[in-house]
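Undergrad: Here it is: the structure, laid out below.
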Amino acid sequence: MKHIISALVENKPGVLAHVAGMFAARAFNIDSLVVGRTEDPDLSRMTIVVIGDDKVVEQVRKQLAKIVPVVKVQDFAGQPVVARDLMLIAISAPPEKRPEVLSLIEMFKGKVVDIGPRFVMVEVSGPEAKIEAFIDICKPYGIKSVARTGTIAMPRQAKTDTSASNKRTEL
Amino acid sequence: MSSKSRPPAGSAVKSSPKAGAHPVRNSTMPNPNISGQKGRISNGAQIIVDTLIELGADTMFGYPGGVVLPLFDRLYDAPINFIIPRHEQGGCHMADAYARASGKVGVVITTSGPGACNLVTGLATALMDSVPVVALTGQVRTELIGNDAFQEADTTGITRPVTKYNCIVKDVKDLARTIREAFHIASTGRPGPVLIDIPVDVSVAECSTASSAKMELPGYRVRTKGNARQISTAAKAINKSEQPVLYVGGGVISANASDELKALAEKAHLPVTMTLLGLGSYDQSKAESLDMLGMHGSAYANYAVQECDLLIAVGARFDDRITGKVKTFAPNAKIIHIDIDPTSISKNVRVDIPVVGDAKDVLTELTKEVEYRERKPWFKKIADWKKKFPFRYDDSSSTIKPQYVIEELCRQTEGKAIITTGVGQNQMWAAQFYRFSRPRQLISSGGLGTMGYGLPAAIGAQVAKPGATVIDIDGDHSFNMTMTELSTAVENKLPIKVCILNNGYMGMVRQWQELFYNKRYSKTYLANPSYATVAEALGAVGITVEKAADVPGAIKKMLVQKRPCVVDFRIEREENVWPMVPTGKSLNEMDGLDILESMA
């Protein structure tokens, strides 16, 4: 099962190497890892997507927390979260296909950020499933290249019934 | 414990108005030149020395070199007992054993590049066995870092997986604080080695000594007090249990909780088995002691674990050498696990009642809630196993049996010596046949299994305990790896004793080749020197013993030496360690029990 783990870390040199090294040394699999600054210049947030059973993910969480410059670790599994990927994708769109491609982009609420004689570059963000679906649907037209950020996530305010909000579809 | 306050953005200096008012440990050697006196100008090297002294480090191990020249200049007339090993690995093991023997933090200092790289095995040894060691390494000038400068190595990169924490200090104003943090991290929670890398320009940079004294560790928290409800649940399980076993590891020794362990075992009436690193935490002369468990543990400990209905693990981590086949480990038992490191819990074996906390605190609380139970049938069963399967050897031959050497050592030292070991058969025989009665008495590389640990460890232990009898029970090949440190012992007039159980083989590997590789002794034999001659050449006393009858006399002679003494016991060449749980088997599926019984 996929777990999104969010770790608040000290913004110091070597922290990423420490975290990545721990994953490698303990043979945990990283699906994606995103690091960025937070509102506090001394802290960064790492959002790590891990695939594993509960026992493995529990160890991942504890091993992360054990790393000295890691300040706080949360596993978002089982709670309502907003999870997003950002993708830049260059799709083949020669003039005769262009209207068709543009309408697909429209449907996925993508944004054309660059356009040339043969390709359009599109920015798409959303839950991972949406990004994957967009890639699939673009394949027949020809994909030149894809760059993705990996997942970032934040928990929702727990006002609504958790089970209901879990089921809420996101687009 | 750690400060949550932060300086403004972009501030490199984390100075505090309460500088110097946040001691990590009690200073044992107050130095008027340090902490609290604002405005005194000093340099990085002096700050390092002053901070180390303030933190109680009066003994250090280390090797000089180019980029640590400023630091060694400041050590020239510092009130510090400084031991120079012959190789940095030896220095790290010495600091490690010093820490294990004394309970204090061991300090090792080396130069950059090769000096730092040579620490890796020592740091890994200390990490696996949870030993508080602080390593200070020199680094090339800050502006040269990354340029492949002379004697440059990415020390923090290389040592990150073998330390509890490491960092490089690039601003002299962070030095004092970082060293305090290193001591704090190394010695609290689950102890471990911490490395600080210090570029040479930071060592010569000037700085006011009063700055940056307060620790800033927002991500470092240690839970020492156990959850009260979990402790009550554990106590209820103990009070209900008909067939309990206490399984104790090195955590009890590092938490200084042997008295609390004894109190619990006595009040609740529990049999106690120990891991290799746990030996000494409970007096082995007591009837309730089941001695060591695991691959080469006692049959009675292994049977008891397999048949118990409740296993109470304290400061132990269910290592594969302890559990054997995990699936069938303690199959009928509910498991209580008391440990300060949350990652140890349910890592290898599912735990029913976890208690995260310091062993001393948790055992004290737990003891309050337990009741005495006689458990007559259980103790009868244990007594029968003990009677049927004691550690034994065939003493009828005239060749020297390694077990006999250790028994005789134990007898002549009245079981009071500090024992260090190499790794392999020598280590297992020492664990089986010496009888330990107090914590910090056995100093051995358990987790990493570092051959060559014994001799430098004996030096570190002797430095920590100058009055004690310190004996390295070693193997010939373990000794070969670090025997250069004999010079260190001679130079420092340390009366350590080395007993080499010399069978000419890498004995444990040979045993496995005998049992599992059809006696194909591939590359496990090496030509050895005359150890007595080597010892004499280096200024130590050397003795060679070839007959069993000469063993007591040689040991007697060894024990009275004022100089380091090496005794080369030419032992039975193909003696095996029994019993043995083969890899992948359950603890109760021991090999060699028939051999042991036939010796009765």
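Undergrad: Are any residues in the range A:108-134 closer than 26 Å to A:Val49 by Cβ and not in a strand (DSSP E or B), and if so, which ones?
TA: Across the range A:108-134, the qualifying residues are A:Phe108, A:Lys109, A:Gly110, A:Pro127, A:Glu128, A:Ala129, A:Lys130, A:Ile131, A:Glu132, A:Ala133, A:Phe134.
Undergrad: For the range B:390-408, does any single residue satisfy the condition of being basic (Lys, Arg), more than 14 Å from chain A (Cβ to nearest Cβ) and buried (at least 20 other Cβ atoms within 10 Å of the Cβ)?
TA: Yes, the range B:390-408 has at least one match.
Undergrad: Which of the residues belonging to the range B:320-353 are within 12 Å of chain A (Cβ to nearest Cβ) and not basic (Lys, Arg)?
TA: The answer is B:Asp339, B:Ile340, B:Asp341, B:Pro342, B:Thr343, B:Ser344, B:Ile345, B:Ser346, B:Asn348, B:Val349, B:Val351.
Undergrad: What single numbered condition from (1) within 11 Å of chain B (Cβ to nearest Cβ); (2) buried (at least 16 other Cβ atoms within 10 Å of the Cβ); (3) touching a Lys or Arg at 6+ places or on another chain (Cβ under 9 Å) fails to hold for A:Glu10?
TA: Answer for A:Glu10: the failing condition is (3).
Undergrad: Let me ask you something else. Based on this model, can you work out whether B:Arg160 counts as over 24 Å from B:Ser42 (Cα atoms) and modelled with pLDDT under 95?
TA: Against the criterion (over 24 Å from B:Ser42 (Cα atoms) and modelled with pLDDT under 95), B:Arg160 does not qualify.
Undergrad: Do we have any residue at all in the range B:70-77 that's closer than 29 Å to B:Val470 by Cα and crowded, with 24+ Cβ neighbours inside 10 Å?
TA: Checking the range B:70-77: not a single residue is closer than 29 Å to B:Val470 by Cα and crowded, with 24+ Cβ neighbours inside 10 Å.
Undergrad: For the range B:381-402, enumerate the residues that are in contact with an Asp or Glu (Cβ under 8 Å, 6 or more places away or on another chain) and either hydroxyl-bearing (Ser, Thr, Tyr) or closer than 20 Å to B:Tyr434 by Cα (or both).
TA: B:Lys388, B:Phe389, B:Phe391, B:Tyr393, B:Ser397, B:Thr399, B:Ile400, B:Lys401, B:Pro402
Undergrad: Going by the structure shown, is A:Thr47 surrounded by fewer than 16 Cβ atoms within 10 Å (Cβ to Cβ), outside the structural domain of A:Pro127 (by TED's automatic domain parsing) and within 17 Å of A:Val82 (Cβ to Cβ)?
TA: So A:Thr47 fails the test.
Undergrad: Filter the range A:69-92 for residues that are in contact with a helix residue (DSSP H, G or I) (Cβ under 6 Å, 6 or more places away or on another chain) and closer than 30 Å to B:Ile185 by Cα and give the result.
TA: A:Pro69, A:Val70, A:Val73, A:Asp75
Undergrad: If you don't mind, there's one more thing I want to ask. Which one is modelled with the highest pLDDT among residues in the range B:35-52 that are more than 22 Å from B:Pro199 (Cβ to Cβ) and of a type outside the set (D, E, K, R)?
TA: Among those residues, the one meeting the criterion is B:Gly39.
Undergrad: Could you list all residues from the range B:453-481 that are touching a Lys or Arg at 6+ places or on another chain (Cβ under 8 Å) and in a strand (DSSP E or B)?
TA: B:Val470, B:Ile471, B:Asp472
Undergrad: Another question about this same structure. Being touching a Gly at 6+ places or on another chain (Cβ under 8 Å) and small (Gly, Ala, Ser), is that true of even one residue in the range B:398-419?
TA: Checked against the condition, which is being touching a Gly at 6+ places or on another chain (Cβ under 8 Å) and small (Gly, Ala, Ser), the range B:398-419 yields no hits at all.
Undergrad: If you don't mind, another one. Going through B:Ala457, B:Ala431, B:Ala417, B:Ala359 one at a time, which residue ends up being in the same structural domain as B:Lys240 (by TED's automatic domain parsing), within 30 Å of B:Val108 (Cβ to Cβ), in contact with a strand residue (DSSP E or B) (Cβ under 6 Å, 6 or more places away or on another chain) and surrounded by 16 or more Cβ atoms within 10 Å (Cβ to Cβ)?
TA: Unique residue meeting the criteria: B:Ala359.
Undergrad: Here is a follow-up. Going by the structure shown, is B:Asp197 surrounded by fewer than 21 Cβ atoms within 10 Å (Cβ to Cβ) and in contact (Cβ under 8 Å) with a residue 24 or more places away in the chain?
TA: So B:Asp197 does not fit the description; no.
Undergrad: Tell me, which residue of the range B:185-200 that is assigned to a strand (DSSP E or B) and within 11 Å of another protein chain (Cβ to nearest Cβ) is nearest to B:Gly138 (Cα to Cα)?
TA: The selected residue is B:Asp197.
Undergrad: Here's another thing I want to ask about it. Based on what the data block shows, is A:Lys12 part of a loop (DSSP other than H, G, I, E, B) and either under 21 Å from B:Leu217 (Cβ atoms) or out of contact with any Gly (no Cβ under 7 Å at 6 or more places or on another chain) (or both)?
TA: Here the answer is yes, as A:Lys12 does meet what is asked.
Undergrad: Of all residues in the range B:283-328, which are assigned to a loop (DSSP other than H, G, I, E, B) and crowded, with 21+ Cβ neighbours inside 10 Å?
TA: Within the range B:283-328, B:Leu293, B:Gly294, B:Met295, B:His296, B:Gly297, B:Ser298, B:Cys308, B:Gly315, B:Ala316, B:Arg317, B:Phe318, B:Gly324 meet the criteria.
Undergrad: Can you tell me which condition B:Ser232 does not meet? The list is (1) assigned by TED's automatic domain parsing to the domain that holds B:Thr343; (2) under 30 Å from B:Thr155 (Cβ atoms); (3) of a type outside the set (D, E, K, R), and all the others hold.
TA: (2)
Undergrad: Any residue that is hydrophobic (A, V, I, L, M, F, W, C), over 14 Å from B:Gly90 (Cα atoms), in contact with a Cys (Cβ under 8 Å, 6 or more places away or on another chain) and at pLDDT 95 or above - is there at least one of those in the range B:142-151?
TA: No, the conditions are met nowhere in the range B:142-151.
Undergrad: Just one of the numbered conditions (1) crowded, with 18+ Cβ neighbours inside 10 Å; (2) out of contact with any helix residue (DSSP H, G or I) (no Cβ under 8 Å at 6 or more places or on another chain); (3) more than 14 Å from chain B (Cβ to nearest Cβ) is not true of A:Pro117; which one?
TA: (1)
Undergrad: Moving to a separate point now. Does B:Pro79 fit the bill of being assigned to a helix (DSSP H, G or I), more than 19 Å from B:Gly449 (Cβ to Cβ) and not hydrophobic (A, V, I, L, M, F, W, C)?
TA: no
The values are calculated or read from the model by the stated rules, or taken from the named source; none is laboratory data. Values in this document were obtained by computation on a predicted structure and should not be read as measured data. Note that we place each Cβ from the backbone using ideal geometry, even for glycine, and neighbour counts take in every protein chain shown.
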